[in-house]
Amino acid sequence: MGETGINSEKTGMLSSGKDAPCPGPACLDLVVQGKKIHYHGTRNVLSLLESQGENAVYANVRINGEVLRRRDFENIALNDGDEVDFLYYMGGGARRQP
Amino acid sequence: MFNLSEEEILRYSRHIILSEVGGAGQQKLKDASVLVIGAGGLGSPALLYLAAAGVGHVGIVEDDIVDITNLQRQIIHTTADVGRPKARSASETMKQINPHIEVDEHQQRLTKDNIFEIIDMYGIIVDGVDNFPTRYLVNDACVMKKKKLVEAGILRFMGLIMSISGAETACYRCVFEEPPPPGTVPTCAEAGVLGAVAGVVGTLQATEVLKMITGVGKPLYNRLLQFDADELRFHEVKAPRNPKCPVCGDNRTITELVEYDYTCESQAPSSP
Ligand SMILES: [Zn+2]
């Protein structure tokens, strides 16, 4: 059942599962930015960000509604069913230090 | 009855015919006052639509002058305006579109010492700044003064918008507690921005303002909408009030205005 194409545009660590659950213990069912995905990578927030091609410096991360602290990205484990949102600092702004 | 002339009734007929707006809604627009901070990428479309819609009193805070690199997205200014103050250029365009409105030009930089006085003159605030110190200053001041604020930002192919009813709904700090470290998030000048993305997001800001004034619909409170032009997708994130928020939460640690120092004091805040 379930296992469908690999999302090759990102890093190949994700497969889009339509609505089917993960086929085995090797992957996690996550909802990332409102989309259901099968995640095969290392189970922490930093790895997920990187697998999505996101820059951990720009993105804030919320799991199940809770905003995470940036310094915890590497230590926070992902669990089956987590809903993950990336919230980006936008506002141009932060001019580089000379 | 309504204090609208024949000419105004014709001009706003496509509003007035909307049963949710009507003459009463148009009168509310005429009686309203809105402050737009920044006459740049976001401020341009927001100001144009507020003017066209007949918002009776609009303020512009902007201390920058029009530069040739602005014109790719800051559509309220024209090539002939290069070198002129943006606040003046914007207000002239607005009055050409709609001579029935009053426009204030605040050609100054917002600081913790002048922001309360300026925002107090208006009912709703629109944030169209491109720098984090001013963005946090505006958020905190609007929470403290219980002002309605339509917050937004853009970068590259993305935009973000969130409406805030000061001290009643989630504020910008409820989601983005502190500014990013200086130098980590690039400016539009460094990272670029697709011009029309400013149009999408600034127009959404104007839409929110018109809804708030007329009472039509449901504002984007306690929600954050991210726009991704790359895939042409909107992603809404629920953003309820954060009890740990330093400015509007249960144990407030920010009780007076702070101005973050991004070291470039000599560079006036300009608009995205
Ligand atoms: Zn807050």
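The values are calculated or read from the model by the stated rules, or taken from the named source; none is laboratory data. Computed from a predicted structure; not experimentally measured. Quick reminder, even Gly has a Cβ in these numbers, built from the backbone with ideal geometry, and neighbours come from all protein chains shown. Side chains included, ligands, DNA and RNA excluded: accessible areas come from the protein's heavy atoms. Shrake-Rupley method; radii C 1.70, N 1.55, O 1.52, S 1.80 Å.
Filtering segment B:194-213 to residues that are open to solvent by 20 Å² or more (accessible area, probe 1.4 Å) and either over 23 Å from residue B:142 (Cα atoms) or within 14 Å of chain A (Cβ to nearest Cβ) (or both) leaves B:194, B:196, B:199, B:200, B:204. Residue B:137 satisfies every condition listed in (1) in a helix (DSSP H, G or I); (2) open to solvent by 30 Å² or more (accessible area, probe 1.4 Å) except (2).
For segment B:9-29, the tally of residues that are assigned to a helix (DSSP H, G or I) and touching a residue at least 24 places away in the same chain (Cβ under 8 Å) stands at 7. Among the residues of segment B:172-193, are any within 22 Å of residue B:48 (Cβ to Cβ) and more than 8 Å from every other protein chain (Cβ to nearest Cβ)? Looking through segment B:172-193, none of the residues is within 22 Å of residue B:48 (Cβ to Cβ) and more than 8 Å from every other protein chain (Cβ to nearest Cβ).
In segment B:225-258, the residue that is farthest from residue B:115 (Cα to Cα) out of those that are within 12 Å of the ligand (Cβ to nearest atom) and open to solvent by less than 30 Å² (accessible area, probe 1.4 Å) is B:239. For segment B:47-96, a residue qualifies if it is open to solvent by 30 Å² or more (accessible area, probe 1.4 Å) and assigned to a strand (DSSP E or B), and the qualifying residues are B:57, B:65, B:85. Would you be able to tell me the number of residues in segment B:157-209 that are away from the ligand (no atom under 16 Å from the Cβ), among the small types (Gly, Ala, Ser) and assigned to a strand (DSSP E or B)? Qualifying residue count for the region: 1.
Close Cβ contacts (under 8 Å, 6 or more residues apart or on different chains) running from residues in segment B:230-243 that are of a type in the set (Val, Ile, Thr) to residues that are within 15 Å of the ligand (Cβ to nearest atom) comprise B:237/A:62; B:237/A:87; B:237/B:223; B:237/B:224. If you check A:45, A:57 for being on the phi < 0 side of the Ramachandran plot and modelled with pLDDT of 80 or more, only one passes: A:45. When you check residue B:146 against the structure, is it assigned to a helix (DSSP H, G or I), open to solvent by 40 Å² or more (accessible area, probe 1.4 Å) and in contact with a strand residue (DSSP E or B) (Cβ under 9 Å, 6 or more places away or on another chain), yes or no? So residue B:146 fails the test.
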